[in-house]
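Enquirer: Here it is, the structure, as structure tokens.
Since every read-out is calculated from the coordinates, none of them should be taken as a lab result. Computed from a predicted model, the values in this text were never measured in an experiment. Every residue, glycine as well, gets a Cβ built from its backbone with ideal geometry; the counts of neighbours run over all protein chains shown.
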Amino acid sequence: MGQDVFVVVEYLRREVSDISYVMLAAARQLAQGCGGNVVAVLLGQNAKELTGSLSADRVLYCDHPSLADFNPDAYRAVIMNLVKEQSPRAVLFGHTTIGTDVAGLISEGLSLPLVSSCLTLGADGKFISQICGGKIMVEGELPAPSALITVVPGGYKSEEGKASKPPEVTALAAPALENLRLALKKYIEPDAGDVDISKASLLIAVGRGIQNKDNLDLVNELAAATGGTVCASRPVVDQGWLPTTRLVGKSGKRVKPKIYLALGISGAPEHVEAIGESDVIIAVNTDLNAPIFNVAKFGTTLDLLEVVPQLTEKVRQIQAS
Amino acid sequence: MKIAVPIKFVPDLVEELTIDSSGAALDTSWLRLIINEFDDHAIEQAILLKERNGGEVTILAAEAEGLDDILFTAAAKGADRLIKFTGDFGGGLNSHAAARMLVDTMRELQPDLILTGVQAHNDLDGSVGPLLAELLGMPYLGYVAGVTCPGDQVITRKEYPGGIIAEVEVRLPAVLGIQAAEQPPRYIAYTKIRQVMSTAKIEERPVVDPGSTAGVTVSRMFKPEAGQRATILEGSVEEVTDKLVAVFRDHGAF
Ligand SMILES: Cc1cc2nc3c(=O)[nH]c(=O)nc-3n(C[C@H](O)[C@H](O)[C@H](O)COP(=O)(O)OP(=O)(O)OC[C@H]3O[C@@H](n4cnc5c(N)ncnc54)[C@H](O)[C@@H]3O)c2cc1C
Ligand SMILES: Nc1ncnc2c1ncn2[C@@H]1O[C@H](COP(=O)(O)O)[C@@H](O)[C@H]1O
């Protein structure tokens with residue numbers, strides 16, 4: 001069994017995703033412990049230039065037309081082959097729309113254990129995962145001799161996985177990639193007609209704590225009074241109360257306002273990963289144990305339905321005077 | 001078209017979670033369990049597909065408190081078959097074990113489409129969808145928000161960060177991890193569910209060996225350290241909103 005730690009690099013639209021750097025940083029920890037190398041694995045077509053900033057001892061680059069866009073079938077075939085051949089100590093995937101589509105297939109395909117939602121990896125082979133919407137942390141020993149891992153953001157800064165000097169790149173031959181059962185037809189762009197929440201400086205964010213669509217009026221009034229922009233967590237958007245363009249989080253937008261006012265949002269990891277660059281986060285949430293209070297600078301446990309109308313009223317008074 | 005929807009019960013995160021005396025598991029004695037919210041979307045998506053294209057929808061789940069109500073609710077929405085796995089699932093099922101529990105029944109049902117929730121918040125060994133897909137030799141696609149069904153393949157909408165959607169064609173039979181249905185899960189009046197209870201049948205299937213290990217052993221569970229806790233603004237609504245206005249002002253909101 002090898003001691004190398006593999007990282008399956010993710011990118012979208014020819015831009016390496018932050019999670020790739022986070023994984024490289026985690027892999028470095030583990031590799032230092034087991035004395036192996038950090039090996040970045042990049043799959044693509046004409047994508048070699050994406051390797052330049054990867055902090056890895058080596059890059060394996062597989063170039064093939066079927067890898068031009070993410071395809072779980074094609075990724076499965078290439079990575080399964082590689083892992084079978086080289087038996088690395090661990091293979092890191094993002095706990096993302098790409099990584100989680102593939103890691104499970106390979107886990108069953110090669111009978112390898114899988115650790116998901118991993119936040120940090122130690123040189124001692126310990127992992128810490130984050131579950132239950134960020135409310136519970138789990139510590140365990142990384143299964144030996146070989147394990148698959150899906151990594152969530154938050155444990156490392158992406159800078160830790162970036163290098164100033166391009167790593168050595170080796171070509172990796174693609175296995176037969178015919179007869180794939182999935183095919184990308186096209187990308188559909190987000191509706192550009194709406195406001196761009198990633199550019200707003202005051203965001204009034206609303207979560208499931210708002211309870212129903214009618215209560216959104218209160219939030220809209222606060223936004224109107226403050227000149228802020230309304231955005232939301234996933235459940236609010238999935239209910240159809242606000243358009244997808246207003247979604248903040250893993251599947252929505254990353255935001256960096258001066259003020260992020262989170263109303264009735266629990267602070268699940270998939271939400272919080274996208275608000276970290278806000279200057280100040282203020283949380284209104286009746287549950288003092290809600291994880292949002294771990295990232296907020298200020299907070300109140302009062303009912304948002306009481307706080308919001310009063311706040312609107314006060315802001316209006318100030319604006320009038 | 002035959003569609004199978006396996007569903008999972010997960011701890012309700014609105015409740016306080018506590019760790020048991022072993023220090024390595026959640027205390028289940030007071031735990032309130034609810035259906036994984038993505039499974040509600042998977043059920044909705046299955047019903048929508050059936051309404052448009054005909055077919056049969058089967059819901060499958062491991063026995064849990066409150067499960068029968070959820071199964072009857074699904075039947076009231078239009079599900080045709082309800083399958084409950086019975087056995088000792090005291091310690092909960094890891095995803096590898098759940099996939100194995102489901103695989104034989106899936107082989108027998110021969111669904112064209114298996115819709116799982118994209119993930120549950122409490123799994124530690126990956127999601128059942130891709131595990132099951134590999135066991136069945138089917139393709140898998142996750143983060144799916146919308147499925148249309150033109151024939152021996154489906155057209156799916158897969159979500160990428162930033163609101164980008166990829167339209168992906170998937171050959172059937174296949175497993176899809178549902179993030180969101182095309183429309184919010186429908187509401188069903190309790191009277192309708194009551195009606196269904198008298199006619200719908202829940203098929204029970206005993207699971208002899210729920211297969212415990214997934215190769216991942218937990219040594220410790222703990223709550224995240226309250227690293228940088230927020231300063232909690234105390235007082236009445238009046239006082240708190242005054243303080244909020246001050247914070248807004250300090251940070252240049254007006
Ligand atoms: C693959 C995947 C991708 C995801 N992508 C995203 C994403 O991009 N963005 C996103 O947001 N989520 C995403 N999620 C969902 C995420 O896991 C959480 O489920 C979601 O963020 C929870 O939203 P919430 O905080 O609004 O709701 P909840 O978690 O239900 O929290 C509601 C909060 O409101 C509080 N509350 C209730 N009533 C009141 C009141 N009257 N006053 C004040 N507070 C009140 C409660 O205490 C609670 O903390 C994703 C999940 C998955 C699996
Ligand atoms: N024990 C289970 N019984 C039936 N379905 C399950 C079970 N565990 C997981 N699933 C399915 O897999 C999805 C993802 O959950 P998980 O695998 O826990 O991430 C769930 O939404 C269900 O559709």
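Enquirer: Please identify every one of the trypsin sites (Lys or Arg not before Pro) in the range A:2-109 that sits in a loop by DSSP and has no more than 15 other beta carbons within 10 Å of its own beta carbon.
Expert: Counting only loop positions with at most 15 other Cβ atoms within 10 Å, the trypsin sites (Lys or Arg not before Pro) in the range A:2-109 are A:Arg13, A:Arg14.
Enquirer: Using DSSP to call loops (not H, G, I, E or B), can you name the GluC sites (Glu not before Pro) in the range B:28-66 whose Cβ has at most 11 other Cβ atoms within 10 angstrom?
Expert: Passing both the DSSP loop test and the Cβ count: B:Glu65.
Enquirer: Let me ask something else. In degrees, nearest 10, range 0 to 90: what is the angle between the Cα axis of helix B:95-109 and the longest Cα principal axis of chain B?
Expert: The two axes meet at around 30 degrees.
Enquirer: Please compute the net charge surrounding A:Ala56, taking Lys and Arg as +1 and Asp and Glu as -1 over other residues with Cβ under 12 Å from its Cβ.
Expert: +1
Enquirer: Going by Cα centres, the range B:172-242 and the range A:56-119 are how many Å apart?
Expert: 28
Enquirer: Within a Cβ distance under 12 Å of A:Asp124, other residues only, what is the Lys/Arg minus Asp/Glu net charge?
Expert: -1
Enquirer: Now for a different question. Obtain the radius of gyration and the Kirkwood radius of chain A from its C-alpha atoms and give Rg over Rh.
Expert: Taking Rh as the inverse mean 1/r over Cα pairs, Rg/Rh reads 1.03.
Enquirer: In vacuum, with every alpha carbon of chain B counted as one equal point scatterer, what does the Debye formula give for log10 I(q)/I(0) at q = 0.17 Å⁻¹? Two decimals, please.
Expert: Relative scattering, expressed as log10 I(q)/I(0), comes to -1.28.
Enquirer: Which ³J(HN,Hα) values, rounded to whole Hz and listed in residue order, are derived for the range A:170-185 from phi using the Karplus coefficients 6.51, -1.76 and 1.60 in 6.51 cos²θ - 1.76 cosθ + 1.60 with θ = phi - 60°, glycine and proline given as x?
Expert: Result, rounded to whole Hz: 10, 6, 10, 6, 7, x, 4, 10, 8, 6, 5, 8, 10, 9, 6, 8.
Enquirer: Take every Cα pair under 8 Å in chain B that's 6+ residues apart, average their separations, divide by the length, and report that relative contact order as a whole percent.
Expert: Over chain B, the number comes to 24 percent.
Enquirer: Sorted from largest down, what three extents in whole angstroms do the Cα atoms of the range A:5-171 have along their principal axes?
Expert: Reported extents, whole Å, longest axis first: 41, 35, 31.
Enquirer: Count the net charge of all other residues whose Cβ sits under 14 Å from the Cβ of B:Ser236, scoring Lys and Arg as +1 and Asp and Glu as -1.
Expert: Within the 14 Å Cβ shell, the charges total -4.
Enquirer: Under a 5 Å amide H to amide H cut-off, with H placed in plane at 1.01 Å, what residues pair with B:Arg186 once short-range neighbours are removed?
Expert: Result for B:Arg186 returns nothing.
Enquirer: Can you give me the long-range amide H partners of A:Val41? Hydrogens built in the peptide plane at 1.01 Å from N, cutoff under 5 Å, separation of 5 or more residues or another chain.
Expert: Answer set, sorted by chain and number: A:Val7, A:Val8, A:Val9, A:Leu60.
Enquirer: Let me ask something else. Using the Karplus curve 6.51 cos²θ - 1.76 cosθ + 1.60 with θ = phi - 60°, work out ³J(HN,Hα) for each residue of the range A:90-97 in order, rounded to whole Hz, and write x for Gly and Pro.
Expert: 7, 10, 9, 10, x, 7, 9, 4
Enquirer: For the range A:197-320, rounded, prolate or oblate, judged on the Cα gyration tensor with a ≥ b ≥ c (square roots of eigenvalues), a/c < 1.5 rounded, else prolate if a/b > b/c?
Expert: rounded
Enquirer: With the Cα gyration tensor of the range B:78-158 in hand, give its eigenvalues times 5 under a square root as the equivalent ellipsoid semi-axes, listed largest first in whole angstrom.
Expert: 23, 16, 12
Enquirer: Could you give me the ³J(HN,Hα) list for the range B:240-254, computed from phi with Karplus coefficients 6.51, -1.76, 1.60 and θ = phi - 60°, whole Hz, x at Gly and Pro?
Expert: 5, 5, 4, 5, 5, 4, 5, 4, 4, 5, 4, 9, x, 6, 10
Enquirer: Let me ask something else. Report, as an integer, the average count of C-beta atoms from other chains found within 10 Å of each Cβ along A:177-190.
Expert: Neighbouring Cβ atoms belonging to other protein chains average 5 per residue here.
Enquirer: Shifting gears a bit: Which links in A:Lys213/B:Lys77; A:Lys84/B:Lys84; A:Lys48/A:Lys162; A:Lys213/A:Lys253; A:Lys162/A:Lys258; A:Lys165/A:Lys253 stretch past 25 Å when you go from one Cα to the other?
Expert: Over 25 Å apart, Cα to Cα: A:Lys84/B:Lys84; A:Lys162/A:Lys258; A:Lys165/A:Lys253.
Enquirer: Taking amide H atoms as placed 1.01 Å from N in the peptide plane, list the residues 5 or more away in sequence, or in a different chain, whose amide H sits under 5 Å from that of B:Thr231.
Expert: Amide H neighbours of B:Thr231, under 5 Å, 5+ apart: A:Phe298, A:Gly299.
Enquirer: Count neighbours as other Cβ atoms within 10 Å of each site's Cβ, and list the trypsin sites (Lys or Arg not before Pro) in the range B:170-254 that are DSSP loop with at most 13 such neighbours.
Expert: Those satisfying the criteria are B:Lys201.
Enquirer: Choose one of B:Gln228, B:Pro111, B:Thr18: the residue whose Cα lies farthest towards the positive end of the charge dipole of chain B (beta-carbon charges +1 Lys, Arg; -1 Asp, Glu; about the Cα centre).
Expert: The residue sitting most towards the positive pole is B:Pro111.
Enquirer: What is the log10 of I(q)/I(0) for the protein assembly as shown, computed with the Debye formula using one identical point scatterer on each Cα and no solvent, at q = 0.07 Å⁻¹?
Expert: Debye curve over Cα of the protein assembly as shown, log10 I(q)/I(0) at q = 0.07 Å⁻¹: -0.41.
Enquirer: Let me ask something additional. Need the C-alpha centroid separation for the range B:1-37 versus the range A:1-25, integer Å.
Expert: Taking the Cα centre of the range A:1-25 as reference, the centre of the range B:1-37 is 31 Å away.
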